[in-house]
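The values are calculated or read from the model by the stated rules, or taken from the named source; none is laboratory data. Please read these numbers as outputs of a predicted model, since none were measured by experiment. So basically every Cβ, Gly included, is an ideal-geometry build from the backbone, and we count neighbours across all protein chains shown.
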Amino acid sequence: MSERLSRERTVRELATFALPVIAGQLGLMLIGAGDMMVATKHSTTALAAIGLAVAFANPVFVVGLAFQFSLSPLIARRRGEGHDGTHLAASAVAYALMLSLPFMVGTWLSAMLVPLMGYDKTIEALVMEYIRITAWSIPGAFIFTSLREWTQAHERTWWPNFVSILAVGVNLALNWALCFGAWGFPKLEVAGLAWASLTVRYLMGLALLAPLVPALWRHLRVDWGFLREVLRLGGPTAVAMFFEVMAFCSVTMLVGHFGEVQTAANSLALTLASCTFMVPMGLASAVGVKVGHAFGEKNGFMVRRFAWTGLAAAMGFMALSATVFALVPEPLLAAFGAEAAVLAFGVKLLFWVAIFQVFDGAQVTLGAILRGVGVARPVSIVSFVGYWVIGLPLGCGLAHHAGMEGQGFWVALATSLGLVSVALFELTRRRVAAVA
């Protein structure tokens, strides 16, 4: 059984582990922000199209990633029980490849839903092209994610997160080159943004795979029992993530009916909200590993200490970001170079982003704590009720019947996140208190 760390040492351990993970998560998000920035320089139509493409493809893509989020807490738990997790690298790669095929097909097929939404034909064509190109990038992204989870479980965070940060610059340069035909590259316009994302995702997967080839060669056997355990925990986690991400993406799809300006502003607000969300999400990954390790050691004291310390840190950061969004929204939106009408509507949306920041940080951290102690299914039920039974119907009512248009959906998102975080807090409080 591990020792009982002081509160100060707990904070230091979490910070040492979490900061590289947070940097890596921000790197992944800034790749998407780079797409938005270059699309803004191209045209408002391009920005609206990229936002809609992400809305259609991301639910499938993110669910695939969520199936892998249970790797690190389960490997960490095995380490806490005294087992060596080195041989599980091959299992992580096999898991990524098995998931890739169905999620590639699902992403590609999601493009078939676009014509059903009645968008402008020019935007419709751009959205479908972007989705179908990026669908082929999924194996690279999934290999990167699985191996990142494996390295995080062993608390080796610097290399995968350095790769994430490096990829930001590579992606931005490729976006510019392929969109505008710079430096001798072909001018592919909006399609160039998709090809840049595809290239970068494979480079990221290769960057994590290459150093592990000797270890993989020594331990080629796939642990099917472990992968079944990952699926049992990852399935409900993926369902919960689907309900949350699909709610946000549905908002983008529905706001698309209120014109290019609101759609473009929605994309920018969502990008900024996603950037701040990466901090508690990275922290949550670290908390899930630490909680899982302590749970494996049957150290209930450290389960509780890591859980509540991590939750306090996540909520504290999001309170700071909420203050920034509320007080200085214009400079944040202006950094993308959008036109005046987009900025004006974006300011309205960022007010509601500020309202839900603390709730957003709380719910992702609470979900990770619950995964660390082996609880997943109740999280998916809470997410379904919060986002789909309450949130989306409320948003439609506010948008279409209360005259709030796109802003109404963001009011509903703030309401849903508040309810979900409160429910997950109660679940976590009871489960963590029961750990021996």
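Scanning segment 255-265 for residues that are closer than 13 Å to residue 396 by Cα and surrounded by fewer than 22 Cβ atoms within 10 Å (Cβ to Cβ) gives 257, 258. With a requirement of 1 or more residues that are closer than 21 Å to residue 193 by Cα and not hydrophobic (A, V, I, L, M, F, W, C), the helices (runs of 4 or more DSSP H) lying completely within segment 18-112 that satisfy it span 44-66, 88-110.
Looking only at residues in segment 97-125 that are charged (D, E, K, R) and surrounded by 13 or more Cβ atoms within 10 Å (Cβ to Cβ), which one is modelled with the highest pLDDT? Can you show your working first?
Here is the first cut: in segment 97-125, the residues charged (D, E, K, R) are 120-121, 124.
Now drop any that are not surrounded by 13 or more Cβ atoms within 10 Å (Cβ to Cβ), which leaves 120, 124.
Numbers: 120: 80, 124: 87.
The extreme case among them is 124.
The residues of segment 143-181 that are among the charged types (D, E, K, R) and either under 17 Å from the mean Cα position of the chain (by Cα) or at pLDDT 90 or above (or both), listed by number, are 148, 149.
A search for C-beta distances below 6 Å between a residue of segment 412-436 that is closer than 25 Å to residue 292 by Cβ and any residue that is in a helix (DSSP H, G or I) and among the small types (Gly, Ala, Ser), counting only pairs 6+ apart in sequence or on different chains, returns 420/386; 421/362; 432/307; 435/300; 436/300. Listed by first and then second residue, the pairs linking a residue in segment 385-402 that is farther than 13 Å from residue 414 by Cα to a residue that is modelled with pLDDT of 90 or more and surrounded by fewer than 16 Cβ atoms within 10 Å (Cβ to Cβ), with Cβ atoms under 9 Å apart and 6 or more places separating them unless they lie on different chains, form an empty list.
Looking for something surrounded by fewer than 17 Cβ atoms within 10 Å (Cβ to Cβ), at pLDDT below 80, farther than 30 Å from residue 262 by Cα and over 21 Å from the mean Cα position of the chain (by Cα) - is there at least one such residue anywhere in segment 63-78?
Initial filter on segment 63-78 (surrounded by fewer than 17 Cβ atoms within 10 Å (Cβ to Cβ)): none.
No: zero hits.
Figure legend. Inter-residue proximity from segment 226-249: first residues under 19 Å from residue 418 (Cβ atoms), second residues of a type in the set (S, T, N, Q) and modelled with pLDDT of 80 or more, beta-carbon distance below 6 Å, spacing 6+ or different chains. Indicated pairs: 240/380; 240/383; 243/383; 244/383. Of all the numbered requirements in (1) surrounded by fewer than 19 Cβ atoms within 10 Å (Cβ to Cβ); (2) touching a residue at least 12 places away in the same chain (Cβ under 8 Å); (3) within 25 Å of the chain's Cα centre (by Cα), residue 312 misses one, and that requirement is (2). For segment 365-373, the criterion of being outside any helix (DSSP H, G or I) and free of Cβ contacts under 8 Å to residues at least 12 places away in the same chain is met by no residue. For segment 154-197, residues that are farther than 27 Å from residue 43 by Cα and not in a helix (DSSP H, G or I) total 4. A residue that is β-branched (Val, Ile, Thr), within 30 Å of residue 303 (Cα to Cα) and surrounded by fewer than 24 Cβ atoms within 10 Å (Cβ to Cβ) can be found somewhere in segment 383-394.
When residues in segment 154-186 are screened for being loosely packed, with under 15 Cβ neighbours inside 10 Å, out of contact with any helix residue (DSSP H, G or I) (no Cβ under 6 Å at 6 or more places or on another chain) and over 22 Å from residue 130 (Cβ atoms), 2 of them pass. Taken over segment 117-145, the residue count meeting the criterion of being out of contact with any Phe, Trp or Tyr (no Cβ under 6 Å at 6 or more places or on another chain), part of a helix (DSSP H, G or I), of a type outside the set (Phe, Trp, Tyr) and over 17 Å from residue 39 (Cβ atoms) is 7.
Rundown of residues vs (1) farther than 18 Å from residue 275 by Cβ; (2) assigned to a helix (DSSP H, G or I); (3) charged (D, E, K, R), yes/no style:
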{"site": "322", "(1), (2), (3)": "no, yes, no"}
{"site": "325", "(1), (2), (3)": "no, yes, no"}
{"site": "343", "(1), (2), (3)": "no, yes, no"}
{"site": "398", "(1), (2), (3)": "yes, yes, no"}
{"site": "402", "(1), (2), (3)": "yes, no, no"}
